[in-house]
Structure formats: structure tokens, C-alpha cells
Amino acid sequence: VQGTTEFLPVSSSGHLALGEALLGETEPDLLFDIVLHVGTLIAVCLVYRADILSVITGGWAGLSALARGKGLRAALEPEGARLALLVVIASIPTAIIGLAVKKTLPDVTPTIVGGLLVLNAVVLVVSKTEPRNWLAPRTPLSLWRIGIAGALAIGVVQGIAVLPGLSRSGLTITVALLIGAVRVDAARFSFLLSIPAILGALVLEFDPTLFGDADPDRLLRYGVGALVAGVSGYLCLRLLISLLRRAAFHHFAWYCLAVGLSAIVWDSFLR
């Protein structure tokens, strides 16, 4: 579930919450959640390894230029440096909003998740419209031209997407498309932005004492879970990129609508 829903625009946190409700789980295994996220993090790093290398080398070159007193324009000349700056800018509102929502989030019920999945379906339908005539420029924006305002907008919706039922990839890619980004570049920025978001969540949730309670057999099961999450996540990420190229991203809306309404009916009348 984690691997197939982390990158597809259907909300992995919403599916995990519904899965826990169906299985009667009241106390999720935090360590297991962490290792599953590590698996999907490795998947996104493999797919976008060239961009990650560009960010590292470009960012280092930009910092070196600043240290030599060459000014901000020279520091941002490498494409990787500009992308690194946009990722940092977008990550700031994500961290602020994500932490605020986490602290105020009420108990999650299948009805709440179902309602948010229905809202997520509406967002995905909106992604099909791409209203370039009033919001976006006539010429699609490349990854490097999203701009500070665009990066902030994408970071804001990524922070809101901590709500279970709202898809991080669905919201961020939709906003990127609405401001005029090229489809494939919208996905590139969205998933590069997911790396610091996932790392930040892992740092906040990580507790070294959790490993002290895990026996070898349990750790082996965790390793299998991480491997499955990573492999399925890699395949689904490739699938999503292919669907974006064919302008079929919005079709996931019907799935979200069906699952969301089913969760509401089940929680209200059948549970």
C-alpha cells in the first residue's frame, strides 16, 4: 500500500489510515512506518538521481561562488543551484504548515479520510483544465523557471497535504500545472521536493530506542516491507510520469471519488 500510493495522486496516508481501520489497528507500528518511507525515499532518489546530483554539484558551485565574492547572480548561474534554491524556498512553508496541521489534527476517522479523498478527486479534475488563459503563461515553464512565487505556492499545498486523504503529489503537481509548468517538469519538482519532506518527517519520528525492541525476525520483516515499498514505489513513479506525458493524470480522480465515498458509507452505516 505504501509503495503504490506514495507517488500516485491518491494519498498514501489516507490509504494507510483506512487500512488500519479495516484491520482494527489502533496503535500503528511507528518503526515499520519509518522503514516503509525509507523504501519509497530510495525509489524517488533512483528515478531522479541525475537531478539530485545536479542539485548537489550546482549548489556547491553556487556556494563556492558566493564565498569568492562573485555575487548572487553568479551563484545562481548553475541550473542545480537555482533548483536547490527553489527546493529550499518551497520546503519552508511545507515545514511550517505541516507541523501546525500535525499538532492540531483531530482523531482521523474513515469519514474524514473519505471526505478528503473526495476533495482530492476535485483537485485532480482541476488539473485537467490548466487555465492558461487567465492564470498561466502562454509558454509552459521549464523546471528552472517556476520562480519563487510558484515554489512557495507548491510548498504551501505540500504542507496542507499532510492531511490523510489529500495527495501530496496530486496537490503539488496540480498547482505546478496551473502556474504553467511543463507536465514532466511539474512531476520532477514535486518529487524532488518530496525528498526533504520525507527526510524531515523521518527525523521528527525517529527514535533510536525503537530498534532496541525489535528482534532479528521483526527486523527481517521490516526489511522485506521496505524492499516491497521501494520496488512498487519505483514502478508506480515511472507509471505516473508516463501518464503525465499522456495527459492522463486526472483519471485518478474517479478512483479517489469511489474510495472516498465507499469509506464514508462504510464508516457511517456498515462499520
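What the table below lists for this structure:
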read-out	value
Cα long-axis angle, helix 183-205 against the chain (0 to 90 degrees, to the nearest 10)	60 degrees
Segment V1-E77, length gained on full extension (0.36 nm per residue, minus Cα span)	23.3 nm
Pairwise label distance in nanometres, L204 with L46, each label 7 Å out on the Cα-Cβ vector	2.8 nm
Average Cα contact separation per residue, the chain, under 8 Å, 6 or more apart, as relative contact order %	36 percent
3J(HN,Hα) from dihedral phi, region 228-240, Karplus parametrisation 6.51/-1.76/1.60, rounded to Hz, x for glycine, proline	5, 4, x, 5, 5, x, 4, 5, 6, 5, 4, 4, 5
Distance (nanometres) between label positions extended 7 Å along Cα→Cβ at V122 and L105	2.1 nm
Taking the C-alpha atoms of region 147-271, convex hull volume expressed per residue in Å³	151 Å³
Built amide H within the under 5 Å cut-off of A181, gap 5+	L141
Cβ-based charge dipole, the chain, positive-most Cα from L220, I112, G180	G180
Correct option for Rg and Dmax of the Cα atoms in Å [calculated from the coordinates] among [x] 20.7, 66; [y] 19.3, 67; [z] 18.6, 52	[y]
Extension gain (nm, one decimal) between R68 and I92, 0.36 nm per residue minus Cα-Cα	5.9 nm
Estimated vicinal HN-Hα couplings, Hz - region 153-168 in sequence order (Karplus 6.51, -1.76, 1.60; Gly, Pro = x)	4, 5, x, 4, 5, 5, x, 5, 6, 5, 5, x, x, 9, 7, 4
Carbon and sulfur %, accessible surface of the chain computed with the full protein complex present, 1.4 Å	69 percent
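The values are calculated or read from the model by the stated rules, or taken from the named source; none is laboratory data. Treat the numbers as computed from the prediction; the structure is a model and nothing was measured. FYI the Cβ positions are ideal-geometry reconstructions off the backbone, even for glycines, and counts take in every protein chain you see. Surface areas here come from the heavy atoms of the whole protein model, side chains and all, with no ligands, DNA or RNA. Shrake-Rupley method; radii C 1.70, N 1.55, O 1.52, S 1.80 Å.
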